[in-house]
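Enquirer: Below is a structure I'd like to ask you about.
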Amino acid sequence: MGRKKSYSQRFQSIAENGIIILFFVFGANFFIFLKILGIENPSEVIDSRLSQPMLVHLRVSVGGGIIGALILFYETSVHPRVTKKFSLFVKRLIWQIDVALIIVVPIFFVFTLFEFFEHQMTFAIAAKTAFAFLTTGLFLSFFINYYTLSILVSFLRRLRQSFGQHVFYNYLMGKYAEPLEEKRSFMFLDLNDSTQIAETLGHVKYSRFLNRCFDDIIHAVSQYNCDIYQFVGDEVVFTWPISKNDRGKAAAMFQTI
């Protein structure tokens, strides 16, 4: 049963990552659709590229998919490890700089490769053309579009991680609009010697300490497919629907934390 559950979680993770990447692809294509729709004479923009919608959509689809995959990998595997010991302000600053680079670099390489194959240029000329594209207003529009999508995806992923995927999805689907009776398991986890720690650190440092503890706990139990019912002071209340596979789940979560 544990192996089946592991496969189910893995499939769910792959599906969610695929949806996020498709979101970037769709967002990029929708942006191009609006861009072409709002241009009276597309042939005057960047050597008639926008007058060939299929090639443009193919180009932004490849770029959007790559950017979405890189940002997803960065947020899940790189950023949490690199910025683990930094303050929240520094974490956000590093995220903004890194995401900007993640957007710019793939756009440059995708543009270069398409110029190389479509127009049979040398790689040097294609790269020079890509550099010229980075100075145009159209590139700035692309950058703002991708950056906005990145902020939106990051915000939604953060909400999902903070409250659990079931709470997040159920809220979006309006499941909590009416009273609902469910059979659920609950796990109450609070900080040991919190009063003594608070007196030692002071209220400001103690609040920062709690925030870091909650972040570490959320990250540690993400593999167990549970929801966070609420935060109460220094306590976290986890919950999940009762099933036959719950035996030992709370103990395994506690050991992980």
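Each value in this text was obtained by applying a stated rule to the coordinates, not by laboratory testing. For clarity, every value in this text was computed on a predicted model and none was experimentally measured. No Cβ is skipped: glycine too gets one built from the backbone with ideal geometry, and neighbour counts run over all protein chains shown.
Enquirer: Just to verify a number: FRET efficiency for L93 and L58, C-beta to C-beta distance, R0 = 41 Å, to 0.05?
Expert: 0.75
Enquirer: Taking θ as phi - 60°, what are the ³J(HN,Hα) couplings along segment 78-86 by the Karplus curve (6.51, -1.76, 1.60), each to the nearest whole Hz, with x for Gly and Pro?
Expert: Karplus values, whole Hz, x for Gly and Pro: 9, 4, x, 7, 5, 9, 4, 9, 8.
Enquirer: Estimate the FRET efficiency between T122 and A15 by the formula 1/(1 + (r/R0)^6), using the beta-carbon distance for r and 30 Å for R0, to the nearest 0.05.
Expert: 0.10
Enquirer: Just the number: Rg to Rh for segment 70-144, Cα atoms, Kirkwood Rh, two decimals.
Expert: Radius of gyration over Kirkwood radius for segment 70-144 works out to 1.13.
Enquirer: Oh, and also: Output wanted: per-residue J couplings in Hz (rounded whole) for segment 179-191, from phi through Karplus 6.51 cos²θ - 1.76 cosθ + 1.60, θ = phi - 60°, x for Gly and Pro.
Expert: Karplus values, whole Hz, x for Gly and Pro: x, 9, 9, 9, 9, 9, 9, 10, 9, 9, 10, 10, 7.
Enquirer: What number results when the radius of gyration of segment 179-256, computed over Cα atoms, is divided by 2.2 N^0.38 Å?
Expert: Expressed relative to 2.2 N^0.38 Å, the Cα Rg reads 1.25.
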